[in-house]
1. Once a ≥ b ≥ c are taken as the square roots of the eigenvalues of the Cα gyration tensor of segment 199-327, is the result rounded (a/c under 1.5), prolate (a/b larger than b/c) or oblate (a/b not larger than b/c)?
2. Quick check: residue separation of Glu63 and Glu258 times 0.36 nm, minus the Cα distance between them. What number comes out in nm?
3. Using R₀ = 22 Å, calculate the FRET efficiency as 1/(1 + (r/R₀)^6) where r is the Cβ-Cβ separation of Ser224 and Glu307; round to 0.05.
4. State the answer as a single residue: which of Thr216, Ala279, Phe304 lies farthest towards the positive end of the charge dipole of segment 187-331, with beta carbon charges of +1 for Lys and Arg and -1 for Asp and Glu, about the Cα centre.
5. So, counting K/R as plus one and D/E as minus one, what does the shell of residues with Cβ under 13 Å around Gln48 add up to?
6. Would you mind calculating the gained length between Ser322 and Lys95 on full extension (0.36 nm times residue separation, minus the Cα-Cα distance), in nm to one decimal?
7. Under the classification rounded if a/c is under 1.5, otherwise prolate if a/b is larger than b/c and oblate if not, where does segment 76-120 fall, given a ≥ b ≥ c as square roots of the Cα gyration tensor eigenvalues?
8. Residue by residue through segment 51-62, what is 3J(HN,Hα) from phi via Karplus (6.51 cos²θ - 1.76 cosθ + 1.60, θ = phi - 60°)? Round to whole Hz and write x for glycine and proline.
Amino acid sequence: MGAVVLRMGAHLHSRRGAPDRHARSQPQLEPHYDASENLACNPMDSRQLEIFVTVAERLNLREAAKTLAISQPAISVQLQALESELGFSLLIRDKQRLVGLTPAGHQYLEAARNLLAGLRGASRSAAGLAAGKTAVLKVGIAEEVSTASSFWSAFRDCQRAHSHIAFQFVELTLDELTSAVATGDLDMAFTLQHLDLRDLHVTPLWSQRWYAVLPTGHPLAVESELGPTDLAQVPLVLGHSRQSSGGHRLIEEAFARERVQPQINMRAARRSTMLMLVASGVVCTFMPASAATRGLPGMAMVPFRAEPLIVVAISRGAQAPSALREFWSALGEANSGFDFAGPQGSHLPEHRG
């Protein structure tokens, strides 16, 4: 991709016995355990993996059955078969209720997600090449970068102009995106700048300021701007820090700078869950500026003082596929709203909704 920074213009911005189904305690893992080895060596099918991933993400058999359009007994049979084949438990069960994942389950979940994504990607690649595509680019995205910006319109237009390239979009968590690009499982990804992006090539795109999201009628909803001190006694719902959910590390850093202890009542993985809790009148949360333009019912948005959320593109730079370098160069050259500058560029345009 070259040593350039893309900036937006003013408006562009393994069997050891059957698993104990009633186990409360977490099993001890062997030091050499590697989930990917079991995925490669055991003959479970992709449907079992899909069922496990769906159940692991919801921890609710009824919801998983509805999503997968199969019966709960069928799901239970497949899960037991998978655990029996592996020789260790994946899920922690309390009588008939799923209460979490074992340590092995957490590691296996990540490996299963990656394998399923790879299988789907291989299918799409074959289909694209059969349809006359000459290159395939795998692009990672996450909910946290689904912010309003005319960048996406420019990306779409350039994608159409490069019809010989098949684009595959894969949704992962922010941390998974970084790992997938570093290992070459993804060619590029859109993520947030404040994460540990290793030695990847980083292209800042646009920034957005933060808004505090309050229940309608909250006393602080009438303020023109809020800071950590204003919200010191307000219960909050923030993203899971180990998953960098919501980009809320920047919010916690803002509280730390002002030496204010945030009242975190809950952590959630999805923005939709956070907003639902706000609308119920229970907590406050934080969203980037574009969310403030949606007119969400039951909620008020007030600007919040914190470092802006910066969306970036990451790749392996010179080791990236030539098709990606070609596309990215054209994306900059064909749109007058783009400005290329060196890595030390001092300004990023801000999207205010």
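1. prolate
2. Additional length available on full extension: 66.0 nm.
3. For Ser224 and Glu307, the calculated efficiency is 0.65.
4. Ala279
5. -3
6. Value of the extension gain: 76.3 nm.
7. On the way: a/c = 2.06, a/b = 1.66, b/c = 1.24.
Prolate is the answer for segment 76-120, as a/c is 1.5 or above and a/b outweighs b/c.
8. Result, ordered by residue: 5, 4, 4, 4, 5, 4, 6, 10, 6, 8, 5, 5 Hz.
The values are calculated or read from the model by the stated rules, or taken from the named source; none is laboratory data. These figures come from a predicted structure and were not determined experimentally. Note that each Cβ is placed from the backbone with ideal geometry, even for glycine, and that neighbours are counted across all protein chains shown. Surface accessibility is based on the protein's heavy atoms, side chains included, excluding ligands, DNA and RNA. Shrake-Rupley method; radii C 1.70, N 1.55, O 1.52, S 1.80 Å.
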